[in-house]
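Below: one structure, written as structure tokens.
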Amino acid sequence: MNIDYNKSFDAFKALGVKNIEEMYGQHHANELFKKLETGKIGEEEFYQTIKKYIPGTVSNEQIEHAWNAMVLDFRIDSLAELERLASPYKLFLLSNTNSIHLKNVGKIFAREVAKPSLDVYFSKSWYSNLVGLRKPDKEIYQFVLEDANLDPAETFFIDDTKENIATAVEMGIRSHLLLPGEKIEDLRF
């Protein structure tokens, strides 16, 4: 999926949030966003808390729109690559996400792809907000390894965040850091 964090940063700034980049980004999250991504708070608590950083009055829908601005579209070639890889390999999805983004991703997927959900590409999917853990914390990797009965040495992890890769490598999982502009279909397995 194509994601552009700057679109959400710009949208939150337009609402009046001055320090959004300090609160959330690809490589970090403050406690509010960590709690949202681990399901420890729900959407309503998130909206009410983020409103404290916004001067004036804004609606939950405005905040939802700003938060979802980063979620763009699906890369059809990448989805085709997942289909190709599913024959020789078991594929799994581990995603740091939250209920707001997950609903939005579902809507975008339904609009762009003629399949019931993104999960059809994977043997199993784990979303941080549903399992209560998030990358790069070791606990989520251990949870996935145990839940899927995976051997770290026989597991190959792909991610676009250095911190997530570092933890996987530390746990003995072979890994690849996707560089900006690099896509899974560029890799050779």
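The values are calculated or read from the model by the stated rules, or taken from the named source; none is laboratory data. Remember, it's a predicted structure, so these values are computed and weren't measured experimentally. For neighbour counting, all protein chains shown are included, and Cβ atoms are generated from backbone atoms with ideal geometry for every residue, glycine included.
Of everything in region 57-88 that's β-branched (Val, Ile, Thr) and not in a strand (DSSP E or B), which residue is farthest from GLU45 (Cα to Cα)?
ILE76
Matching residues to (1) acidic (Asp, Glu); (2) touching a Leu at 6+ places or on another chain (Cβ under 6 Å); (3) surrounded by 13 or more Cβ atoms within 10 Å (Cβ to Cβ):
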| position | (1), (2), (3) |
| --- | --- |
| GLU44 | yes, no, no |
| ASN60 | no, no, yes |
| TRP67 | no, no, yes |
| PHE74 | no, no, yes |
| GLU81 | yes, no, yes |
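For region 85-98, state whether one or more residues are closer than 30 Å to ILE63 by Cα, touching an Asp or Glu at 6+ places or on another chain (Cβ under 6 Å) and in contact (Cβ under 8 Å) with a residue 40 or more places away in the chain.
Within region 85-98 (the criterion being closer than 30 Å to ILE63 by Cα, touching an Asp or Glu at 6+ places or on another chain (Cβ under 6 Å) and in contact (Cβ under 8 Å) with a residue 40 or more places away in the chain), the answer is yes, since at least one residue qualifies.
Being under 25 Å from ASN164 (Cβ atoms) and in contact with a strand residue (DSSP E or B) (Cβ under 8 Å, 6 or more places away or on another chain) is the requirement here; does LYS35 meet it?
On the way: under 25 Å from ASN164 (Cβ atoms): yes; in contact with a strand residue (DSSP E or B) (Cβ under 8 Å, 6 or more places away or on another chain): no.
Criteria not met by LYS35.
Quick one: PHE12 ticks every box in (1) surrounded by 14 or more Cβ atoms within 10 Å (Cβ to Cβ); (2) in contact with a Pro (Cβ under 6 Å, 6 or more places away or on another chain) bar one, so which box is it?
For PHE12, the exception is condition (2).
Just to verify a result, which residue in region 89-114, among those that are modelled with pLDDT of 95 or more, part of a loop (DSSP other than H, G, I, E, B) and over 15 Å from VAL71 (Cβ atoms), is nearest to the chain's Cα centre (by Cα)?
Restricting to residues being modelled with pLDDT of 95 or more, part of a loop (DSSP other than H, G, I, E, B) and over 15 Å from VAL71 (Cβ atoms), the top hit is LEU91.
Which residues, counting only those in region 149-189, are farther than 26 Å from GLY25 by Cβ, of a type in the set (A, V, I, L, M) and exposed (fewer than 15 other Cβ atoms within 10 Å of the Cβ)?
Correct list: ALA153 only.
Report every pair of residues separated by at least 6 positions or lying on different chains whose Cβ atoms are under 7 Å apart, first residue within region 17-38 and in the same structural domain as GLN62 (by TED's automatic domain parsing), second small (Gly, Ala, Ser) and not in a strand (DSSP E or B).
Every condition considered, the pairs that remain are GLU37/SER128; THR38/SER128; THR38/GLY132.
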